Amino acid sequence: MAKSSPEEAAIAPEVLAKYETVIGLEVHVQLLTKSKIFCGCSTQFGDPPNTNVCPVCLGLPGTLPILNKRVVELAMRAALALNCTVHEHSRFARKNYFYPDLPKGYQISQYELPLATDGWIEIDHGGAKKRIGVTRLHLEEDAAKNVHEGFSQSATKAYVDYNRCGTPLSEIVSEPDMRAPEEAYAYLTTLRQIMLYTGISDCNMEEGSLRCDANVSVRRRGAKEFGTKVEVKNLNSFRYLQKALEYEVERHIGVLESGSRIFQETRLWNQDESCTVSMRSKEKAHDYRYFPEPDLLPVHVSPAWRDDVLRTLPELPEAKRARFMAADGLTPYDAGVLTGTPALADFFEAVRKAGVPAKSAANWIQTELLRRLNDSGKEIEATPVSPAALAELLKLIESSQITGSTGKKVFATMFETGRSANEIVAAEGLAQINDTSALEQAAREVIEKNPDNVAKFKSGNEGVFKFFVGQVMRATRGQANPQAVSDILRKLLS
């Protein structure tokens, strides 16, 4: 594979401004079924190689595929969530090519008659909304997985794991509506979020259940015709997608500015060297010799079936964000964070339903819970603090039984031990001090020890008052009622 040429140095902003970027994405989403698309083999990830196989997915002679109905239902859910038209009639086709990971010598996919077409999703980029078209959503079977061992030509060994072969995929092809790598990032993020909310896939990029290829080209601003596109593969993270596209845009412009031309090709993203490398030329369209799959009947989706699936659609992310802002008074930022995944949104709603004010719940989830989950490498599903446990803690703070600073200490112990807030507060004597005589005694001691600051305060230095409050809170281990401390100090200092 050839690396990119040296002319791909950084391009001056004024040169970049002369060109417009055009990006379209092809996203493969593995559908969350227990069995494969045309046989009963398990789709379980991580099982020993070549254990989830049968004559059908191994492509042995004389075998016949049988379509998994659940695959069609999940794909319909995805299509409807993407505002696509689900067609009553669609058809599978054979896509013919030869490669070690394709045991039949062809892939069963959909070509001329896909399941759904003409959809769209709305992305938020830079505070502005933009609609990105979805050309089509079609079904196909996945190929097997090639595993390479060694690096030199003489030492390299290639293995094929057929466990993945035949797992159901939904390919979602966008219109070339994106004009910047950041828009492509926002599109893929939004698409993944919708797929998670509909429950059609776990969208785990590390396990390959969400994969993305990008088509990118540039053209002079104002030009109507597209430039020569290049396909970039091996984009297995959102960050890699954006970096690869940024690199390709500058490479294209650099080539054109040097007087050369772009060649249509497929390239791979090399993360180690932060560049793309050429994989194969695509100057001539590959002839896959598509023809209707003779072993499968056309797919018929009745209006009644489609409507049944439509009724199962949950509240989607955009609608949930709008509700959190309208009903709970959250800011767009808070609503965006809390609807990041269905599990996180469910956690927030469970805390709210326990009687905790929305803003308090949102703040604690975003600052304390998510920070500690991130530090410990855990997802929200694995949190040791349940919604009910967090609600119990926040009610102690709201009712002034403990202070906010004490609450943070209690939460840290809850996260580490799984113990309840009430148990920790009782065991460690952390209840808020509201006894005015005890607080006044602590305040008098602080005042007596700091005559210089007393003089500053009486001469009009209001800022030093915070010092006194802080010292009293420190003396009471943060358990004093802050408002009571403030009132007592002002009385004594005046």
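Every read-out reported here was derived from the displayed coordinates using simple, explicitly stated rules and does not represent laboratory data. Just so it is clear, the structure is predicted and the values come from calculations on it, not from any experiment. Note that each Cβ is placed from the backbone with ideal geometry, even for glycine, and that neighbours are counted across all protein chains shown.
Each listed q (0.18 Å⁻¹) maps to a log10 I(q)/I(0) for the range 289-441 from the Debye sum over equal C-alpha point scatterers, namely -1.06. A Stokes-Einstein calculation at 20 °C with viscosity 1.002 mPa s, built on the Kirkwood radius of the range 134-200 over Cα pairs, returns a diffusion coefficient of 142 µm²/s. Take the Cβ atoms of Glu448 and Ile66, set R0 to 60 Å, and the FRET efficiency comes out at 0.10.
Between the DSSP loop rule and a limit of at most 14 other Cβ atoms within 10 Å, which chymotrypsin sites (Phe, Trp or Tyr not before Pro) in the range 235-339 are left?
For chymotrypsin sites (Phe, Trp or Tyr not before Pro) across the range 235-339 that sit outside H, G, I, E and B with at most 14 neighbouring Cβ atoms in 10 Å, the list reads Phe263.
Using the empirical formula 2.2 N^0.38 Å as the baseline, the Cα radius of gyration of the range 15-69 reaches a ratio of 1.92.
Whole number please: convex hull volume per residue of the Cα set in the range 436-493, in Å³?
On the way: hull volume 3.8 nm³, N = 58.
So the per-residue hull volume is 65 Å³.
For the range 436-493, the relative contact order works out to 46 percent when only alpha carbon pairs closer than 8 Å and six or more residues apart are counted. Estimate the FRET efficiency between Asp487 and Asp346 by the formula 1/(1 + (r/R0)^6), using the beta-carbon distance for r and 45 Å for R0, to the nearest 0.05. It comes to 0.65.
Along the charge dipole of the chain, pointing to its positive end and built from +1/-1 on Cβ of Lys, Arg, Asp and Glu, which listed residue (Ala184, Thr331, Phe347) has its Cα farthest out? Highest projection toward the positive end goes to Thr331. In square nanometres, what is the average projected area of the Cα convex hull of the range 113-153? Reported value for the Cα convex hull: 6.6 nm². Only helices enter the 222 nm calculation for the chain: every DSSP H run of n ≥ 4 contributes -39,500 (n - 2.57), and dividing by all residues gives -11500 deg cm²/dmol, rounded to 500. One equal scatterer on each Cα of the range 197-356, no solvent, Debye formula: the resulting log10 I(q)/I(0) at q = 0.11, 0.12, 0.15 Å⁻¹ is -0.80, -0.89, -1.03.
Calculate, in whole percent, how much of the Cα-Cα pair population of the chain lies beyond 30 Å. It works out to 61 percent of all Cα pairs.
Restricting to DSSP loop positions (anything but H, G, I, E, B) with no more than 13 other Cβ atoms inside 10 Å of their own Cβ, which trypsin sites (Lys or Arg not before Pro) remain in the range 1-92? In loop regions of the range 1-92 (DSSP not H, G, I, E or B), the sparsely surrounded trypsin sites (Lys or Arg not before Pro) are Lys34. For the range 365-494, the gyration tensor built on C-alpha atoms gives a prolate shape. Its axis ratio a/c (a ≥ b ≥ c) is at least 1.5, and a/b is the larger of a/b and b/c.
For the chain, leaving out every one of the GluC sites (Glu not before Pro) that falls in a DSSP loop and has at most 16 other Cβ atoms within 10 Å, the longest unbroken run is 380-494.
Dipole check for the range 436-493: with +1 at the C-beta of Lys and Arg, -1 at the C-beta of Asp and Glu, and the Cα centre as origin, the magnitude is about 80 Debye. Counting neighbouring beta carbons within 10 Å and listing from fewest to most, the residues Asp375, Asp142, Asp487, Asp328 come out as Asp375, Asp487, Asp328, Asp142.
Of all beta bridges that DSSP places with both ends in the chain, some 95 percent have antiparallel geometry.
Can you give the Rg to Rh ratio of the range 318-402, both from alpha-carbon atoms, with Rh computed by the Kirkwood formula?
A ratio of 0.95.
Each of Ser405, Ala10, Cys54 was placed along the dipole of the chain (beta-carbon charges, centred on the mean Cα), and the one lying farthest toward the positive end is Ser405.
If R0 is 41 Å, the Cβ-Cβ spacing of Arg311 and Thr367 corresponds to a FRET efficiency of close to 0.60. Estimated at 0.36 nm per residue, the fully extended path between Met279 and Ser302 surpasses their Cα-Cα distance by 4.0 nm. Computed from the alpha carbon positions, the gyration tensor of the range 1-111 leads to an equivalent ellipsoid with semi-axes of 38, 22, 15 Å, biggest first. Taking chymotrypsin sites (Phe, Trp or Tyr not before Pro) across the range 63-156, the ones in a DSSP loop with at most 16 further Cβ atoms lying within 10 angstrom of their Cβ are Tyr97, Phe98, Phe151.
Dipole size of the range 13-304 about its Cα centre, with +1 on Lys/Arg Cβ and -1 on Asp/Glu Cβ: approximately 360 debye, rounded to the nearest 20. For the range 171-220, the pair-distance distribution built from all alpha carbon pairs, in bins 10 Å wide starting at 0, is 21, 53, 22, 4, 0 percent.
Label-to-label distance, Arg131 versus Arg477, with points set 7 angstrom from Cα along the beta-carbon direction: 6.1 nm.
For the listed residue pairs Lys69/Lys129; Lys157/Lys233; Lys104/Lys243; Lys95/Lys145; Lys34/Lys130, the alpha carbons are over 27 angstrom apart in Lys69/Lys129; Lys104/Lys243; Lys34/Lys130. With charges set only on the Cβ (+1 for Lys and Arg, -1 for Asp and Glu), what does the dipole of the chain come to about its Cα centre, in debye to the nearest 20? So the dipole magnitude of the chain works out to roughly 480 debye.
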